[in-house]
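Engineer: The structure is given below, and queries will be raised subsequently.
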C-alpha cells in the first residue's frame, strides 16, 4: 500500500528510528528521533544490499519520489530489492 501525505505528516518521532513502508519495492520513509523524515531505497548492487537516501520528505514530494523510482527501475540502473 502506498503512503499518503496524511500518513506521512501524522508520523511522530520516536526514541528509535521508525520505517514506514511505501509499497514500492524496497522504498520506505524513515522517521528519526529528531523528527527528520527521509526517503530511503533498498538496492542490490553486485549481490550486496545497499541503502540509498533520496532526500527528506519536505524536499522530495510523493510525486517526485515516484518519478525517481520509476526512472531508476526503467533504466534498469540498479536492481530493486
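The values are calculated or read from the model by the stated rules, or taken from the named source; none is laboratory data. Since we're looking at a predicted model, the values are computed, not measured. Neighbour counts are summed over all protein chains in view; Cβ atoms, including those assigned to glycine, are modelled from backbone coordinates with ideal geometry.
Engineer: I'd like the residue in the range 12-26 that is over 17 Å from residue 58 (Cβ atoms) and within 8 Å of the chain's Cα centre (by Cα) and, out of all such residues, is surrounded by the most Cβ atoms within 10 Å (Cβ to Cβ).
Structural biologist: Per the criteria, the residue is 26.
Engineer: Yes or no: residue 58 in a loop (DSSP other than H, G, I, E, B), over 9 Å from the mean Cα position of the chain (by Cα), at pLDDT below 80 and surrounded by fewer than 13 Cβ atoms within 10 Å (Cβ to Cβ)?
Structural biologist: yes
Engineer: Among the listed residues 43, 29, which satisfies the condition of being surrounded by 16 or more Cβ atoms within 10 Å (Cβ to Cβ) and at pLDDT 80 or above?
Structural biologist: 29
Engineer: Continuing with the same structure: Within the range 4-19, identify whether any single residue is assigned to a strand (DSSP E or B) and free of Cβ contacts under 8 Å to residues at least 24 places away in the same chain, and answer yes or no.
Structural biologist: Within the range 4-19 (the criterion being assigned to a strand (DSSP E or B) and free of Cβ contacts under 8 Å to residues at least 24 places away in the same chain), the answer is yes, since at least one residue qualifies.
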